[in-house]
Amino acid sequence: MSPALEAILQEYGSNPFRAMWFVFGHGGALILIPIMIRMATTGWLFWAREKFKHHVPHTLFKIEVPQNNEQSMKAVEQIFVQLYGIYDVPDWHQKWWLGFDQEQFSLELVSEGGYINYHVRAPTYYKELAQAAFYAHYPDAILTEVPDYTKDITVEMINTEKIKVWGSEMKLERADEFPIKTYPMFEHQIAQKSVDPFANILEFMSRLQPGEKLWYQIMIQPTDLGHLKEIAQHTIDTVVEPTGAGHIGPDIVDRIKDGITLLLAGLDKALFGGETVTISHEGPERLTERQRLTTPERELVEEVDKKASRWPFHTKIRFMYFASPKIFDDKKVRRGMIGALKLYRFINAFEEGKLTRTDWKVLPWRFFFSRRRLIMRARRMFWAYRSRDMERGEHEGFILSTEELASIFHFPQIEVRAPFVAKAQTRGVEPPTLLRFDDSEALAGPAVTLASGNTDSVRPEVTEVVPESPQPAPSVTVQPEQTAGEREAPSNLPFV
């Protein structure tokens, strides 16, 4: 050991704080600079995005569904395709200075005592887009702006336990590229009939008792299609081309043969005008590996590729249940709603998040301040639902395609009995195209002319229109009526 190092250890070895200060002052700060820069940029971006989201106004619509809905779930899928049109990629200034965050829509189903209402929440400057998307496929539906129904519940009611609360979030069991079961899979190919999987949720929500409230929320945000294709292709390559075993490729002998073949083909083309020769091992190799797939593997590859071909949405699903302590039954609601979503199990499936559940069984260290901790969880869950914030909660959400979204949220079809769903009682009818309008001067209003002598002036001068004096009616001479004896015979009568 060198004398210098031994002197340093003797001076700073007995005091760890002095040792840390020595390291920090002699170049150790350089290690912390990247960490500090990372923390600063992350904090700034979070603050800018929160400020941007706070200044985005929103409008909540209540949707009264058509009485006899004959549209299929394909129509709802087209609605989501149109809503995806707001997707935008921000530039550097929008992202880091303005804090641009992709706008979100909220699809909500509310049951109060068994009476169900559909709601959709959209940014105010996109409300015409949302209305056009729904009216294009459901012209008999009625969209009405309503106040936020979540304000009927207050934090004081939760803190004082005047009402009891159960809430939870859903997540996917596997990665985002694996699809759930969608509505085409519920169609019977021979009978040409489809089973509506969403009918289970509607039926359960319609069986709530007076005084019970159940909220079902689906937050959607358009996301990058390229990202979904990238992770989907990685999964497909992992299944089709497993690393190691069974890989068939050109060895050193094949490469030498290919080189000689290309050399001779080049000389033949230069001297005698022959054709160009191209050698490729990729096609037969990939075809051979595809043929070696089992039936489940082939189905997985096809379904993953199918999901990556549709527009993706970043999604989050929440439930909230409220009731007085006398009639509160969270087990009934939890089993009913979670059981209804089990119908969508396929390659992927929904599962309940544990960090946001507001029941006693999933609480870690449940015997320590369990009551107060459950109230805090319920309050956080309530604020996440009311603010419609996707970043709050157990996870940041998952990716669903337009077909998957249409499967878990759509209007009841005509064969589904949903008597307690709010439906449009009247039908909007456009005016007839041959309706005549009076365009006379009396309805035209005062004439507007520019100020005289100043052709550049943009301020109009209103001149009063003096109606013309009525013209006297032409005189008509009325002949006295002749008696029957004085009347002459018509000139065209035949005479003998």
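The values are calculated or read from the model by the stated rules, or taken from the named source; none is laboratory data. Since the model is a prediction, treat every value here as computed from it, not as a measurement. Glycine gets a Cβ as well: all are built from the backbone with ideal geometry, and neighbour counts include every protein chain shown.
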**Residues satisfying the stated conditions in the range 163-182, i.e. among the basic types (K, R) and in contact with a helix residue (DSSP H, G or I) (Cβ under 8 Å, 6 or more places away or on another chain)** = K164, K181
**Item:** Filter result for the condition that a residue is outside the structural domain of W383 (by TED's automatic domain parsing), touching a Gly at 6+ places or on another chain (Cβ under 6 Å), at pLDDT below 85 and in a helix (DSSP H, G or I), over D258, D254, D268
**Value:** D268
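Residues checked against (1) surrounded by fewer than 21 Cβ atoms within 10 Å (Cβ to Cβ); (2) of a type in the set (G, A, S); (3) modelled with pLDDT of 80 or more:
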| site | (1), (2), (3) |
| --- | --- |
| D359 | yes, no, no |
| W365 | yes, no, no |
| F368 | yes, no, no |
| I375 | yes, no, yes |
| R379 | yes, no, yes |
| Y385 | no, no, yes |
| R388 | no, no, yes |
| G393 | no, yes, no |
| T402 | no, no, yes |
**Message:** For the range 48-63: of the residues being modelled with pLDDT under 90 and of a type outside the set (A, V, I, L, M, F, W, C), which is surrounded by the most Cβ atoms within 10 Å (Cβ to Cβ)?
**Reply:** K53
**Prompt:** Residues in the range 160-196 that are in a loop (DSSP other than H, G, I, E, B), of a type outside the set (V, I, T) and without any contact (Cβ under 8 Å) to a residue 12 or more places away in the chain: how many?
**Reply:** 3
**Request:** Would you mind telling me which numbered condition in (1) surrounded by fewer than 15 Cβ atoms within 10 Å (Cβ to Cβ); (2) modelled with pLDDT of 85 or more; (3) farther than 26 Å from F398 by Cβ D224 fails?
**Result:** (3)
**Message:** With the requirement that a residue be basic (K, R), within 27 Å of E303 (Cβ to Cβ) and crowded, with 17+ Cβ neighbours inside 10 Å, what does the range 315-347 give you?
**Reply:** K316, R318
**Item:** Criterion: out of contact with any strand residue (DSSP E or B) (no Cβ under 6 Å at 6 or more places or on another chain), at pLDDT 85 or above and surrounded by fewer than 16 Cβ atoms within 10 Å (Cβ to Cβ) - qualifying residue of A40, A29
**Value:** A40
